[in-house]
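The values are calculated or read from the model by the stated rules, or taken from the named source; none is laboratory data. Not measured: the values here are computed from a predicted model. Counting neighbours? That spans all protein chains shown, and the Cβs are built from the backbone with ideal geometry, glycine included. We work out accessible area using only protein heavy atoms, side chains counted, and drop any ligands, DNA or RNA first. Shrake-Rupley method; radii C 1.70, N 1.55, O 1.52, S 1.80 Å.
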Amino acid sequence: MAPWAEAEHSALNPLRAVWLTLTAAFLLTLLLQLLPPGLLPGCAIFQDLIRYGKTKCGEPSRPAACRAFDVPKRYFSHFYIISVLWNGFLLWCLTQSLFLGAPFPSWLHGLLRILGAAQFQGGELALSAFLVLVFLWLHSLRRLFECLYVSVFSNVMIHVVQYCFGLVYYVLVGLTVLSQVPMDGRNGKNLLMQARWFHILGMMMFIWSSAHQYKCHVILGNLRKNKAGVVIHCNHRIPFGDWFEYVSSPNYLAELMIYVSMAVTFGFHNLTWWLVVTNVFFNQALSAFLSHQFYKSKFVSYPKHRKAFLPFLF
(Lines give C-alpha, C1' and ligand atoms only; values in the text may rest on other atoms or scores of the structure.)
Protein backbone atom coordinates (compact mmCIF):
# COMPACT_ATOMS: atom_id res chain seq x y z
CA MET A 1 0.00 0.00 0.00
CA ALA A 2 1.32 3.44 -0.90
CA PRO A 3 2.36 5.73 1.98
CA TRP A 4 -0.37 8.25 1.17
CA ALA A 5 -2.98 5.50 1.19
CA GLU A 6 -1.76 4.27 4.57
CA ALA A 7 -2.00 7.80 5.95
CA GLU A 8 -5.50 8.19 4.60
CA HIS A 9 -6.55 4.85 6.09
CA SER A 10 -5.20 5.79 9.51
CA ALA A 11 -6.96 9.13 9.34
CA LEU A 12 -10.34 7.44 8.90
CA ASN A 13 -10.30 5.09 11.87
CA PRO A 14 -13.53 4.57 13.86
CA LEU A 15 -12.29 6.46 16.92
CA ARG A 16 -11.62 9.64 14.97
CA ALA A 17 -14.94 9.25 13.17
CA VAL A 18 -16.78 9.14 16.50
CA TRP A 19 -15.10 12.30 17.81
CA LEU A 20 -15.57 14.08 14.50
CA THR A 21 -19.28 13.22 14.53
CA LEU A 22 -19.71 14.46 18.10
CA THR A 23 -17.83 17.66 17.27
CA ALA A 24 -20.05 18.32 14.26
CA ALA A 25 -23.20 17.67 16.32
CA PHE A 26 -22.23 20.12 19.08
CA LEU A 27 -21.09 22.72 16.55
CA LEU A 28 -24.40 22.52 14.70
CA THR A 29 -26.33 22.75 17.97
CA LEU A 30 -24.35 25.81 19.05
CA LEU A 31 -24.91 27.52 15.70
CA LEU A 32 -28.65 26.88 16.00
CA GLN A 33 -28.67 28.51 19.44
CA LEU A 34 -26.93 31.56 18.02
CA LEU A 35 -29.74 32.15 15.54
CA PRO A 36 -32.19 35.01 16.20
CA PRO A 37 -35.01 33.90 18.54
CA GLY A 38 -37.56 33.85 15.73
CA LEU A 39 -35.47 31.39 13.73
CA LEU A 40 -34.47 29.16 16.65
CA PRO A 41 -35.98 25.66 16.48
CA GLY A 42 -38.84 25.46 18.95
CA CYS A 43 -38.90 21.68 19.34
CA ALA A 44 -39.30 20.96 23.05
CA ILE A 45 -37.46 17.65 22.82
CA PHE A 46 -34.49 19.28 21.08
CA GLN A 47 -34.24 21.99 23.74
CA ASP A 48 -34.65 19.41 26.48
CA LEU A 49 -31.74 17.37 25.16
CA ILE A 50 -29.27 20.27 25.03
CA ARG A 51 -30.20 21.98 28.32
CA TYR A 52 -29.56 20.77 31.84
CA GLY A 53 -29.59 22.08 35.37
CA LYS A 54 -30.51 25.74 35.73
CA THR A 55 -30.87 26.27 31.97
CA LYS A 56 -33.52 23.54 31.88
CA CYS A 57 -35.40 25.28 34.67
CA GLY A 58 -35.69 28.35 32.47
CA GLU A 59 -37.86 26.47 29.99
CA PRO A 60 -41.47 26.99 31.17
CA SER A 61 -43.07 24.90 28.43
CA ARG A 62 -41.50 21.54 29.17
CA PRO A 63 -44.10 18.87 28.43
CA ALA A 64 -44.77 16.03 30.85
CA ALA A 65 -43.30 13.59 28.34
CA CYS A 66 -39.94 15.33 28.72
CA ARG A 67 -40.08 15.50 32.51
CA ALA A 68 -40.59 11.72 32.58
CA PHE A 69 -36.97 11.28 31.47
CA ASP A 70 -35.44 13.57 34.10
CA VAL A 71 -32.72 12.41 36.49
CA PRO A 72 -31.16 14.61 39.21
CA LYS A 73 -28.15 16.68 38.20
CA ARG A 74 -26.38 15.47 41.35
CA TYR A 75 -25.96 12.20 39.43
CA PHE A 76 -23.00 13.95 37.80
CA SER A 77 -20.96 12.19 40.48
CA HIS A 78 -21.73 8.89 38.71
CA PHE A 79 -19.72 10.07 35.69
CA TYR A 80 -16.62 10.48 37.81
CA ILE A 81 -17.13 7.26 39.75
CA ILE A 82 -17.17 5.41 36.44
CA SER A 83 -14.18 7.41 35.20
CA VAL A 84 -12.10 6.82 38.33
CA LEU A 85 -12.79 3.08 38.20
CA TRP A 86 -12.54 2.55 34.44
CA ASN A 87 -9.64 4.87 33.69
CA GLY A 88 -7.90 3.67 36.84
CA PHE A 89 -8.16 0.16 35.42
CA LEU A 90 -6.79 1.31 32.05
CA LEU A 91 -3.94 3.12 33.83
CA TRP A 92 -3.14 -0.06 35.76
CA CYS A 93 -3.13 -2.08 32.50
CA LEU A 94 -0.82 0.46 30.84
CA THR A 95 1.50 0.55 33.85
CA GLN A 96 1.71 -3.25 33.86
CA SER A 97 2.47 -3.19 30.14
CA LEU A 98 5.10 -0.46 30.27
CA PHE A 99 7.02 -1.55 33.35
CA LEU A 100 6.42 -5.31 33.57
CA GLY A 101 5.89 -6.17 29.91
CA ALA A 102 2.47 -7.65 30.66
CA PRO A 103 0.13 -7.70 27.64
CA PHE A 104 -3.24 -6.01 27.71
CA PRO A 105 -6.19 -8.34 28.35
CA SER A 106 -7.22 -9.95 25.08
CA TRP A 107 -10.68 -8.35 25.14
CA LEU A 108 -9.15 -4.89 25.70
CA HIS A 109 -6.59 -5.39 22.95
CA GLY A 110 -9.38 -6.49 20.59
CA LEU A 111 -11.51 -3.48 21.53
CA LEU A 112 -8.63 -1.10 20.87
CA ARG A 113 -8.05 -2.65 17.44
CA ILE A 114 -11.74 -2.25 16.57
CA LEU A 115 -11.57 1.42 17.54
CA GLY A 116 -8.50 1.93 15.37
CA ALA A 117 -5.73 1.94 17.95
CA ALA A 118 -2.39 3.32 16.81
CA GLN A 119 -0.50 0.70 14.83
CA PHE A 120 2.41 3.01 14.04
CA GLN A 121 5.92 2.33 15.24
CA GLY A 122 8.39 5.01 16.23
CA GLY A 123 7.92 8.74 16.28
CA GLU A 124 5.45 8.59 19.18
CA LEU A 125 6.24 8.65 22.88
CA ALA A 126 4.60 6.15 25.21
CA LEU A 127 5.31 8.59 28.05
CA SER A 128 2.85 11.06 26.51
CA ALA A 129 -0.08 8.64 26.66
CA PHE A 130 0.94 7.49 30.14
CA LEU A 131 0.97 11.06 31.48
CA VAL A 132 -2.32 11.97 29.79
CA LEU A 133 -4.00 8.90 31.29
CA VAL A 134 -2.63 9.91 34.71
CA PHE A 135 -3.98 13.44 34.17
CA LEU A 136 -7.39 12.09 33.14
CA TRP A 137 -7.58 9.88 36.23
CA LEU A 138 -6.51 12.69 38.56
CA HIS A 139 -9.00 15.04 36.91
CA SER A 140 -11.82 12.54 37.45
CA LEU A 141 -10.78 11.94 41.06
CA ARG A 142 -10.79 15.68 41.80
CA ARG A 143 -14.15 16.19 40.11
CA LEU A 144 -15.61 13.32 42.13
CA PHE A 145 -14.33 14.96 45.31
CA GLU A 146 -15.89 18.26 44.24
CA CYS A 147 -19.25 16.64 43.46
CA LEU A 148 -19.33 14.99 46.86
CA TYR A 149 -17.84 17.70 49.09
CA VAL A 150 -17.67 21.06 47.29
CA SER A 151 -20.63 21.51 44.95
CA VAL A 152 -24.13 22.12 46.30
CA PHE A 153 -26.71 20.63 43.95
CA SER A 154 -30.29 21.83 43.96
CA ASN A 155 -33.20 19.78 42.66
CA VAL A 156 -32.44 20.62 39.02
CA MET A 157 -32.46 17.87 36.43
CA ILE A 158 -30.67 16.43 33.43
CA HIS A 159 -32.13 14.29 30.67
CA VAL A 160 -31.52 10.55 30.88
CA VAL A 161 -29.89 10.73 27.43
CA GLN A 162 -27.40 13.29 28.77
CA TYR A 163 -26.80 11.03 31.76
CA CYS A 164 -26.07 8.01 29.55
CA PHE A 165 -23.86 10.13 27.29
CA GLY A 166 -21.80 11.24 30.29
CA LEU A 167 -21.26 7.65 31.40
CA VAL A 168 -20.14 6.53 27.94
CA TYR A 169 -18.04 9.65 27.39
CA TYR A 170 -15.46 8.93 30.08
CA VAL A 171 -15.16 5.30 28.99
CA LEU A 172 -14.49 6.45 25.43
CA VAL A 173 -12.01 9.15 26.46
CA GLY A 174 -9.91 6.63 28.38
CA LEU A 175 -9.89 4.23 25.46
CA THR A 176 -8.87 7.11 23.19
CA VAL A 177 -5.82 7.84 25.34
CA LEU A 178 -4.84 4.18 25.56
CA SER A 179 -5.18 3.79 21.81
CA GLN A 180 -2.41 6.35 21.31
CA VAL A 181 0.30 4.16 22.84
CA PRO A 182 2.63 3.08 19.98
CA MET A 183 2.89 -0.66 19.45
CA ASP A 184 6.66 -0.61 19.86
CA GLY A 185 6.56 1.74 22.84
CA ARG A 186 5.09 -0.59 25.46
CA ASN A 187 8.33 -0.93 27.33
CA GLY A 188 8.86 1.35 30.29
CA LYS A 189 12.58 0.70 30.76
CA ASN A 190 13.45 3.89 28.93
CA LEU A 191 10.26 5.78 29.74
CA LEU A 192 11.97 8.63 31.60
CA MET A 193 14.38 9.03 28.69
CA GLN A 194 11.39 10.03 26.58
CA ALA A 195 10.77 13.18 28.66
CA ARG A 196 10.48 16.29 26.52
CA TRP A 197 9.85 19.98 27.16
CA PHE A 198 6.19 19.67 26.13
CA HIS A 199 5.61 17.10 28.88
CA ILE A 200 6.67 19.66 31.46
CA LEU A 201 4.62 22.42 29.80
CA GLY A 202 1.57 20.15 29.60
CA MET A 203 1.90 19.23 33.27
CA MET A 204 2.16 22.88 34.31
CA MET A 205 -0.90 23.78 32.21
CA PHE A 206 -2.84 20.86 33.69
CA ILE A 207 -2.09 21.92 37.28
CA TRP A 208 -2.86 25.58 36.50
CA SER A 209 -6.18 24.79 34.78
CA SER A 210 -7.23 22.30 37.45
CA ALA A 211 -6.49 24.79 40.23
CA HIS A 212 -8.67 27.44 38.57
CA GLN A 213 -11.51 24.99 37.97
CA TYR A 214 -11.40 23.97 41.62
CA LYS A 215 -11.48 27.63 42.70
CA CYS A 216 -14.51 28.26 40.48
CA HIS A 217 -16.40 25.30 41.90
CA VAL A 218 -15.58 26.46 45.44
CA ILE A 219 -16.93 29.93 44.59
CA LEU A 220 -20.15 28.42 43.21
CA GLY A 221 -20.55 26.14 46.21
CA ASN A 222 -19.95 28.97 48.69
CA LEU A 223 -22.80 30.97 47.18
CA ARG A 224 -25.13 28.52 48.88
CA LYS A 225 -23.30 28.27 52.21
CA ASN A 226 -22.81 30.52 55.21
CA LYS A 227 -19.41 31.43 56.61
CA ALA A 228 -19.40 28.24 58.66
CA GLY A 229 -19.72 26.18 55.46
CA VAL A 230 -23.31 25.11 56.13
CA VAL A 231 -25.70 24.98 53.17
CA ILE A 232 -28.45 27.54 53.75
CA HIS A 233 -30.21 27.68 50.38
CA CYS A 234 -30.10 26.39 46.81
CA ASN A 235 -30.85 29.64 44.98
CA HIS A 236 -28.80 30.98 42.10
CA ARG A 237 -26.74 34.09 42.71
CA ILE A 238 -24.16 36.06 40.72
CA PRO A 239 -20.68 34.61 41.29
CA PHE A 240 -17.63 36.86 41.58
CA GLY A 241 -13.91 36.23 41.82
CA ASP A 242 -11.19 34.45 39.87
CA TRP A 243 -12.18 33.85 36.21
CA PHE A 244 -15.80 34.80 36.95
CA GLU A 245 -14.66 38.39 36.45
CA TYR A 246 -14.24 37.61 32.74
CA VAL A 247 -16.73 34.88 31.79
CA SER A 248 -19.97 33.44 33.11
CA SER A 249 -18.75 29.84 33.10
CA PRO A 250 -15.03 29.75 33.91
CA ASN A 251 -15.38 26.15 35.07
CA TYR A 252 -16.21 25.23 31.47
CA LEU A 253 -13.29 27.29 30.19
CA ALA A 254 -10.99 25.53 32.66
CA GLU A 255 -12.31 22.17 31.43
CA LEU A 256 -11.29 23.12 27.91
CA MET A 257 -7.84 24.22 29.10
CA ILE A 258 -7.37 20.90 30.90
CA TYR A 259 -7.94 19.05 27.64
CA VAL A 260 -5.66 21.46 25.80
CA SER A 261 -2.95 20.71 28.38
CA MET A 262 -3.30 17.05 27.46
CA ALA A 263 -2.92 17.93 23.77
CA VAL A 264 0.28 19.75 24.67
CA THR A 265 1.45 16.68 26.59
CA PHE A 266 0.90 14.63 23.44
CA GLY A 267 3.33 16.96 21.71
CA PHE A 268 0.81 19.23 19.94
CA HIS A 269 0.50 17.00 16.85
CA ASN A 270 -1.87 14.21 17.92
CA LEU A 271 -4.81 14.53 15.52
CA THR A 272 -7.08 12.15 17.44
CA TRP A 273 -6.71 14.11 20.66
CA TRP A 274 -7.24 17.45 18.92
CA LEU A 275 -10.60 16.07 17.75
CA VAL A 276 -11.37 15.35 21.41
CA VAL A 277 -10.35 18.92 22.30
CA THR A 278 -12.53 20.35 19.52
CA ASN A 279 -15.48 18.32 20.78
CA VAL A 280 -14.89 19.63 24.31
CA PHE A 281 -14.65 23.18 22.96
CA PHE A 282 -18.07 23.16 21.27
CA ASN A 283 -19.67 21.09 24.03
CA GLN A 284 -18.54 23.48 26.76
CA ALA A 285 -19.21 26.55 24.60
CA LEU A 286 -22.82 25.44 24.18
CA SER A 287 -23.29 24.91 27.91
CA ALA A 288 -21.59 28.24 28.69
CA PHE A 289 -23.76 30.12 26.20
CA LEU A 290 -26.96 28.70 27.70
CA SER A 291 -25.75 29.53 31.22
CA HIS A 292 -24.87 33.07 30.12
CA GLN A 293 -28.39 33.51 28.77
CA PHE A 294 -29.83 32.25 32.05
CA TYR A 295 -27.78 34.69 34.15
CA LYS A 296 -28.64 37.66 31.95
CA SER A 297 -32.36 36.85 32.00
CA LYS A 298 -32.48 36.28 35.76
CA PHE A 299 -30.32 39.16 37.01
CA VAL A 300 -30.88 42.70 35.77
CA SER A 301 -27.62 43.79 37.40
CA TYR A 302 -25.56 41.04 35.78
CA PRO A 303 -22.11 42.41 34.77
CA LYS A 304 -22.35 43.49 31.14
CA HIS A 305 -18.62 43.10 30.46
CA ARG A 306 -18.69 39.36 31.09
CA LYS A 307 -18.62 37.03 28.13
CA ALA A 308 -20.08 33.53 28.10
CA PHE A 309 -17.03 31.35 27.52
CA LEU A 310 -13.96 33.06 26.07
CA PRO A 311 -12.72 36.28 27.74
CA PHE A 312 -13.37 39.38 25.61
CA LEU A 313 -14.52 37.25 22.64
CA PHE A 314 -17.56 35.03 23.21
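Summary table below
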| item | result |
| --- | --- |
| Residues of the chain: accessible area per residue with a 1.4 Å probe, Å² | 49 |
| More than 18 Å apart - percent of Cα-Cα pairs taken over segment 71-119 | 47 |
| Alpha-carbon gyration tensor eigenvalues x 5, square-rooted, for segment 157-314, Å | 34, 18, 16 |
| Solvent-accessible area, 1.4 Å probe, carbon plus sulfur percent, for segment 106-248 | 67 |
| Loop-located trypsin sites (Lys or Arg not before Pro) in segment 225-303, at most 15 other Cβ atoms within 10 Å (DSSP) | LYS227, ARG237 |
| Area of CYS234 that stays accessible when all protein chains are in place (1.4 Å probe, Å², to 10) | 60 |
| Estimated FRET transfer efficiency when R0 is 35 angstrom, pair LEU138-LEU35 (beta carbons, to 0.05) | 0.35 |
| Backbone N within segment 231-246 under 11 Å of label point (7 Å from LYS298 Cα along the Cβ vector) | 234-239 |
| LEU191 versus ALA64: modelled label distance in nm, points set 7 Å from Cα along the beta carbon direction | 5.7 |
| Gained length - ILE238 relative to CYS43, 0.36 nm times residue gap less alpha-carbon distance | 67.2 nm |
| log₁₀ of I(q)/I(0) at q = 0.22 Å⁻¹ - segment 136-211, Debye sum with one point per alpha carbon | -1.25 |
| Percentage of interatomic Cα-Cα distances in segment 164-247 larger than 22 Å | 58 |
| On Cα atoms only, tilt of 106-115 relative to the major axis of the chain in degrees | 70 |
| Contact order relative to length of segment 224-280, as percent, for alpha carbon pairs under 8 angstrom and 6 or more apart | 21 |
| Residue-averaged 222 nm ellipticity for the chain, from DSSP H runs of 4+ at -39500 (n - 2.57), nearest 500 | -20500 deg cm²/dmol |
| The chain: C-alpha pair distances exceeding 36 Å, % | 22 |
